[in-house]
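The next block holds one structure in the form of structure tokens; read it before the comments.
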Amino acid sequence: MRIIDCITKVFIIAYKEDTSLLEVALKKERFLSISVIRPLYTQTELEYSRMSRCLLNHKNAWTKCCENDGLSMVLEADFVPVIGMGQLPLMFDFNKRESAWGWLYTGGARLYELDKNNYGRGHSACPVATIMGSKAARVLIDFVDNEFVKHDPREYTIWDTYIRMYAQKYGIMSYLSYRNYGEHGGIPNMEHSAAGIKPTHRADVLWGPLHFLPLYAKGSVIQFIFSRIVAKMRGVARLLVGRYIELALLKESDISSRNKIIMIFYGVKRLISLY
């Protein structure tokens, strides 16, 4: 099933960013219901860390998803879609839409299993571009409320790396895109660097060419191509060292040798692309 056939609403999360290029690209892909959600922070919220304010922005979008009967697409303002994104397949069985959280873009992806239809279930961080129904959205909103109880929102947290685990605990399974439907195009959040975490993350492999140059390219095609080559090399390295498919998983006795081979082939084949 194509993305364009099952997404009824698109929500773009932005603060002060210009979203015009993204909106034009989505309209070219024939997504009709597009809303840009911009926060009005209280004085207290302005004192939150950038990561906490990012989480608040996502919560605003997830609240809108709860009001939608169909599947919603939630995109951060710096997401750059590939040309033809609307014609690409949904990354999970449409019949499982109530319990599925689909990742159009994956960061630090780990493949855990392939179901009978070869949909990949696994872990991802960085919800730059995702698809969900109202049930998943409600679980993610609960996560925000719990997160701000557990951690002072003025402090830096890596909530985007463990939100998937919270969702799964409440029956929402994460499905990874075979290849990325777009690129994370923004400038790095320096809070990551201050915490000793790599500040940049890029798509390891794309379905195709992008609608426009990401912001990080600063208008330079050469800089963009170099960044994409590095991202692809990192993707290959993650596969080779057992980060995309964990070595411990391949050693498990309850997974047949045939399924292990299929997963490895899946991991290799997805990286064989010009993009």
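The values are calculated or read from the model by the stated rules, or taken from the named source; none is laboratory data. Quick caveat, the model's predicted, so the values are computed rather than measured. So basically every Cβ, Gly included, is an ideal-geometry build from the backbone, and we count neighbours across all protein chains shown.
Structural remarks
Residue by residue, here is whether (1) of a type outside the set (S, T, N, Q); (2) under 20 Å from Val149 (Cβ atoms); (3) loosely packed, with under 13 Cβ neighbours inside 10 Å holds:
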position	(1), (2), (3)
Leu21	yes, no, no
Leu26	yes, no, no
Leu32	yes, no, yes
Val36	yes, no, no
Arg53	yes, yes, no
Ser72	no, no, no
Val80	yes, no, no
Gln87	no, no, no
Phe94	yes, no, yes
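- When Leu104, Leu114, Leu140 are checked against the criterion of being surrounded by fewer than 20 Cβ atoms within 10 Å (Cβ to Cβ) and of a type outside the set (Gly, Ala, Ser), a single residue qualifies: Leu114.
- Candidate set from the stretch 38-51 (those that are of a type in the set (A, V, I, L, M, F, W, C) and surrounded by fewer than 17 Cβ atoms within 10 Å (Cβ to Cβ)); member that is nearest to Val82 (Cα to Cα): Leu40
- Qualifying residue in the stretch 221-232 (condition: in contact with a Pro (Cβ under 7 Å, 6 or more places away or on another chain) and not in a loop (DSSP other than H, G, I, E, B)): yes
- Hits in the stretch 135-161 (condition: modelled with pLDDT of 95 or more and farther than 19 Å from Glu45 by Cα): Lys135, Ala136, Ala137, Arg138, Val139, Leu140
- Qualifying residues in the stretch 1-19 (those that are over 28 Å from Asn95 (Cβ atoms) and of a type in the set (D, E, K, R)) - the one surrounded by the fewest Cβ atoms within 10 Å (Cβ to Cβ): Lys16
- Note on the stretch 48-91: residues that are more than 23 Å from Trp159 (Cβ to Cβ), out of contact with any helix residue (DSSP H, G or I) (no Cβ under 9 Å at 6 or more places or on another chain) and not in a strand (DSSP E or B) amount to 1.
- Comparison of Ala194, Ala167 shows that the only residue that is more than 23 Å from Ala14 (Cα to Cα), at pLDDT below 95 and out of contact with any Gly (no Cβ under 8 Å at 6 or more places or on another chain) is Ala194.
- Meets criteria (at pLDDT below 95 and surrounded by 18 or more Cβ atoms within 10 Å (Cβ to Cβ)) for Arg270: no
- Within the stretch 133-145, residues that are touching a residue at least 24 places away in the same chain (Cβ under 8 Å) reach partners that are among the charged types (D, E, K, R) and in a helix (DSSP H, G or I) with beta carbons closer than 7 Å, at six or more positions or on different chains, in the pairs Gly133/Arg97; Gly133/Glu98; Lys135/Glu98; Ile141/Lys59; Val144/Lys59.
- Among the residues listed as Asn60, Asn68, the single one being surrounded by 14 or more Cβ atoms within 10 Å (Cβ to Cβ) and within 18 Å of the chain's Cα centre (by Cα): Asn60
- Pairs with Cβ under 6 Å, 6+ apart, first in the stretch 153-170 and over 28 Å from Lys96 (Cβ atoms), second among the aromatic types (Phe, Trp, Tyr): Pro153/Tyr48; Arg154/Tyr48
- Enumeration of residues in the stretch 237-249 that are part of a helix (DSSP H, G or I) and farther than 20 Å from Leu114 by Cβ: Ala237
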